[in-house]
1. Which order results if 345, 137 are arranged by neighbouring Cβ count within 10 Å, fewest first?
2. What's the FRET efficiency of residue 112 with residue 76 using the Cβ-Cβ distance as r and R₀ = 30 Å, to the nearest 0.05?
3. How do 70, 60, 279 line up, fewest other C-beta atoms within 10 Å first?
4. Can you compute the label reach from residue 219? Point 7 Å from Cα along the Cβ direction, backbone N cut-off under 15 Å, restricted to the range 79-105.
5. Roughly how tilted is helix 13-35, in degrees to the nearest 10 and between 0 and 90, from the longest Cα axis of the chain?
6. If I take the Cα coordinates of the range 109-210 and project them onto the principal axes, what are the three extents in Å, biggest first?
7. Connecting C-alpha atoms closer than 10 Å in a GNM of the chain, tell me which of 369, 289, 176 has the biggest fluctuation.
8. Before anything else, pin down the relative contact order of the range 109-210: Cα pairs under 8 Å, at least 6 apart, normalised by residue count, whole percent.
């Protein structure tokens, strides 16, 4: 019986040798082709950087402020007597007044009667003083007469002419007269004290009568009038008038505590006052305290030109705290990190990170107080993208007006 099977062709020894030869020939060709490729190493391109040189320049230190125009000294005019009706109001808001000028009058009928009563008490007190003086004269005369009688009685008693009882009576009479003199003197002192009291009452009544006429205590400008005709004057409410002493106003502004220490009395200020434009002034007063809630301190700025300035106007501007010529670089050249402030100095197209100390900022420039010398080149901007030791292509901008 015959079995069918699939025949598996076998490679002959000649075919195996041929394949091996082809492989050996192909391998060197591929290796040679790979080793023939050139290995090119391209250097990283240098960044092109604009530089600036440290140079001397004028710098100005300023503190920006805002505030309001206020009265330098405000004077409040209250009625010194209460309960009287306001009869006249002689001045109005915006009017200038001089010290002593009549501002208003109160009804003074009651006050006039009180003056008359005090004068009557004064007259009675003066009469009491006169009466006490007369009693002293009389008492002294009686005392003198009693002393004379006592001396006579003593002489007669020594001669045996009068009895001891008569002498004793003369002694008692003299003592009574002396006591009467002392009493009269005390009466005069009491009368004089009553006169002084009556005089004080008269002075108070006269003063209240005078106070019924309200007068300007100082030269100034009426800034407010709260009194109304027919109203009852009271010293416990709003003042009848408010005056700006001498008409002088100034700017009151609040400054952050970190800037307050750089401001000194006398520093100049340039302010823009609403409706008045630019006005000049100087720091007059700096508050010794800072508000703990908002960390602001108050300053007062005296205005050199008071023309047309009104209390309450908004004002903003700047105080000049320093002016000097100093070493500067562009503000964009100065960077900061956790270690402090630094710049990138350019030397032979290579960067050097250098710590610096800075000061004022003014018109795009930053003052360098330590760390740089005049003429040294620094990266003008984009320094945050570089590191210490980087190589660059430095470009220095052409100075203004230089020939091309």
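Just so it is clear, none of the values below were taken in a lab; they were calculated from the coordinates. Fair warning: this is a prediction, and the values are worked out from it, not measured in the lab. Neighbour counts run over all protein chains shown; Cβ positions are idealised from the backbone, glycine included.
1. Going from least to most buried by this count: 137, 345.
2. With R0 = 30 Å, the Cβ-Cβ based efficiency is 0.65.
3. Arranged by neighbour count, lowest to highest, 70, 60, 279 become 60, 70, 279.
4. It comes to 96-101, nothing else.
5. Rounded to the nearest ten degrees, it is 40.
6. Projected onto the principal axes, the Cα atoms of the range 109-210 cover 76, 13, 13 Å.
7. In this elastic network of the chain, the residue with the biggest mean-square fluctuation among 369, 289, 176 is 176.
8. Averaging sequence separation for qualifying contacts and normalising by length gives 52 percent for the range 109-210.
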